[in-house]
Amino acid sequence: MTGVTIRALAVAGAVAAMGAATGAQAGAFGLREQSAQGVGLAFAGSASGAAGVSSIFWNPATVTMRPGFNSEQSLTFVDLSGEIRPTVGTAPFLAPFGDSGEIGQGAVLPSGATSYQLTDRLYVGIQTGAPYGLVTKPRPDWAGSIYGRSSRIFSLSFNPVIGYRVNDWLSVGVGANVEYFRLTLRQAIPVPGLSPAFYPPAFIKGESWSAGWTAGATITPWEGTVLGVGYRSSVHHDIEGSFALPAFGQQVTANLNTPEKLSVGLTQALNPVTRINLGFEWDNWSRLGNVAIVSRQFGVPVTSLPLNFKDSYFYSVGLEYDWSPSLTVRGGFGYDDGPIDNSNRSVRLPDGDRYVASVGASYRWSDKLVLNASYAHVFLGKNRIVAGPGQNYNVANIPFAAVADGSADVVSVGFRYAWDSPAAIAPAPLVRKY
């Protein structure tokens, strides 16, 4: 075994916690903000078409729900706020360096979707957006810097789909999901005899293009009721990048499988102007496990990302009311039983279970143009972080304990435009006045 290989293995324990990336709004580092209309409902009924054309993200069969040629664009601002405060149990030489300061970073997330009717039964469409991402960045020399200085994930997906109306009550859809994924994780490296204020930096960064698939169906047993089920497959990323310590670096690779997503939505008309929407989502975050970072030169692990997430479950309910022929108002509430708990929480991802409350409205500007706006608040609460000997995250057997709290505000605006005026297909899956 070469000297370089031995050195790489020797420092692996010191950087094993260069783990999770950054928190977001769909559990772990997932992003659910693909639709301004969906934000206003806390994403209830997204798989049954309640998120507009962008429902394609959850269920490709919803591409058949609007005749003609329709485009939808959304712009969402996510303002994440959070702080990590060291507590008793933190190594005495780290504690004086204090809390993280504000770790949250604002992010603007564009997304869009288009559907086009080819025949009375056949439709095509495409949805684009960022399924994963966001950023956390504490103060550089805080008490937990050896467990994380900054984390950044960026992604972009292109989801072309094809949908077919089998009959008046059943539609099916399938599609491809082409995905770009990039991450950069930074932390400090502890050096014996050196003050934590002068600990040198280390980083892991890499990127990948890969692809998966989507499928789904909508069932309309009678007018005013839509049940939708959609599935997004895991995407296998062979991430290639670099791993660097002071005076040492090399090219590395890692295999990361994004979680499958199963979405179920129900939209039920209570009367001609009122609809209730229900939603459920399962994300298979547990498949990420412990991600090995492997030297491309020597073929041996140099460190790992000990994510070890559990599966997440999201439940939501939303209500829509047509205030007038031009104005629809909506609100929603959701609970996210997320993939992060006391066993796998890190300073990079001080996440926990979430509660989401939202409101929104759609205004029909003309026969072709509909404007959407929504606001949501995400309640995160306080969560414990424990790292060090015997824990999921451990750097050089240095203990770190803390309490983290946070919240997020989400503001989303968008529009939908009908490029033509086709004759309505009867019977329509659901009559919507907005």
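At a glance:
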quantity: Every residue from the stretch 384-396 that is farther than 16 Å from residue 340 by Cα, open to solvent by 20 Å² or more (accessible area, probe 1.4 Å) and in contact (Cβ under 8 Å) with a residue 60 or more places away in the chain; calculated: 394, 396
quantity: Residue pairs meeting the criteria (Cβ under 7 Å; at least 6 apart or on separate chains; first under 15 Å from residue 114 (Cα atoms), in the stretch 36-58; second hydrophobic (A, V, I, L, M, F, W, C) and modelled with pLDDT under 95); calculated: 49/430
quantity: Single match in 78, 88 (criterion: open to solvent by 20 Å² or more (accessible area, probe 1.4 Å) and touching a residue at least 40 places away in the same chain (Cβ under 8 Å)); calculated: 88
quantity: Count - residues of the stretch 282-311 that are among the polar types (S, T, N, Q), open to solvent by less than 50 Å² (accessible area, probe 1.4 Å) and in a strand (DSSP E or B); calculated: 3
quantity: Verdict on residue 94 being closer than 19 Å to residue 32 by Cα and of a type in the set (A, V, I, L, M, F, W, C); calculated: no
quantity: Selection count, the stretch 183-210, where residues are in a loop (DSSP other than H, G, I, E, B), open to solvent by 30 Å² or more (accessible area, probe 1.4 Å) and hydrophobic (A, V, I, L, M, F, W, C); calculated: 2
quantity: The lone exception for residue 224 - which of (1) among the small types (Gly, Ala, Ser); (2) more than 30 Å from residue 47 (Cβ to Cβ); (3) touching a strand residue (DSSP E or B) at 6+ places or on another chain (Cβ under 7 Å) it fails; calculated: (2)
quantity: Top-ranked residue in the stretch 236-276 [being among the β-branched types (Val, Ile, Thr) and in a strand (DSSP E or B); ranked as farthest from residue 325 (Cα to Cα)]; calculated: 252
quantity: Residues located in the stretch 136-149, provided they are of a type in the set (Val, Ile, Thr) and either touching a Cys at 6+ places or on another chain (Cβ under 8 Å) or under 23 Å from residue 106 (Cα atoms) (or both); calculated: 136
quantity: Any hit, the stretch 401-415, residues being modelled with pLDDT under 95 and open to solvent by 60 Å² or more (accessible area, probe 1.4 Å); calculated: no
quantity: Residue match in the stretch 398-410 (condition: out of contact with any strand residue (DSSP E or B) (no Cβ under 7 Å at 6 or more places or on another chain) and free of Cβ contacts under 8 Å to residues at least 12 places away in the same chain); calculated: no
quantity: Counted residues, the stretch 25-69 - those being open to solvent by 10 Å² or more (accessible area, probe 1.4 Å) and of a type in the set (Lys, Arg); calculated: 1
quantity: Search result, residues across the stretch 150-174 that are open to solvent by 20 Å² or more (accessible area, probe 1.4 Å), within 28 Å of the chain's Cα centre (by Cα) and more than 22 Å from residue 108 (Cα to Cα); calculated: 160, 162, 172, 174
quantity: Among the residues listed as 230, 241, the single one being open to solvent by less than 10 Å² (accessible area, probe 1.4 Å) and not charged (D, E, K, R); calculated: 230
quantity: Pairs, first outside any loop (DSSP other than H, G, I, E, B) in the stretch 321-342, second surrounded by fewer than 23 Cβ atoms within 10 Å (Cβ to Cβ) and modelled with pLDDT under 95, C-beta under 6 Å, six or more apart; calculated: 322/433; 328/434; 337/353
quantity: Members of the stretch 355-378 found to be surrounded by 18 or more Cβ atoms within 10 Å (Cβ to Cβ) and either of a type in the set (S, T, N, Q) or without any contact (Cβ under 8 Å) to a residue 24 or more places away in the chain (or both), listed by number; calculated: 358, 362, 372, 374
quantity: Candidates 381, 331, 352 - the one that is of a type outside the set (A, V, I, L, M, F, W, C) and open to solvent by less than 10 Å² (accessible area, probe 1.4 Å); calculated: 352
quantity: So residue 314, is it surrounded by fewer than 24 Cβ atoms within 10 Å (Cβ to Cβ) and either on the phi > 0 side of the Ramachandran plot or of a type in the set (Phe, Trp, Tyr) (or both); calculated: no
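To keep it simple, each residue is scored yes or no on (1) in contact with a helix residue (DSSP H, G or I) (Cβ under 8 Å, 6 or more places away or on another chain); (2) under 21 Å from residue 250 (Cβ atoms); (3) of a type in the set (Gly, Ala, Ser); (4) at pLDDT below 95.
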position: 133; (1), (2), (3), (4): no, no, yes, yes
position: 136; (1), (2), (3), (4): no, no, no, yes
position: 157; (1), (2), (3), (4): no, no, yes, no
position: 161; (1), (2), (3), (4): yes, no, no, no
position: 167; (1), (2), (3), (4): no, no, no, no
position: 180; (1), (2), (3), (4): no, no, no, no
position: 186; (1), (2), (3), (4): no, yes, no, yes
position: 198; (1), (2), (3), (4): no, no, no, yes
position: 206; (1), (2), (3), (4): no, yes, yes, no
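The values are calculated or read from the model by the stated rules, or taken from the named source; none is laboratory data. Values in this document were obtained by computation on a predicted structure and should not be read as measured data. Glycine also receives a Cβ, built like all others from the backbone with ideal geometry; neighbour counts cover every protein chain displayed. Note: accessible area is taken over every heavy atom of the protein model, side chains too, but ligands, DNA and RNA are not part of it. Shrake-Rupley method; radii C 1.70, N 1.55, O 1.52, S 1.80 Å.
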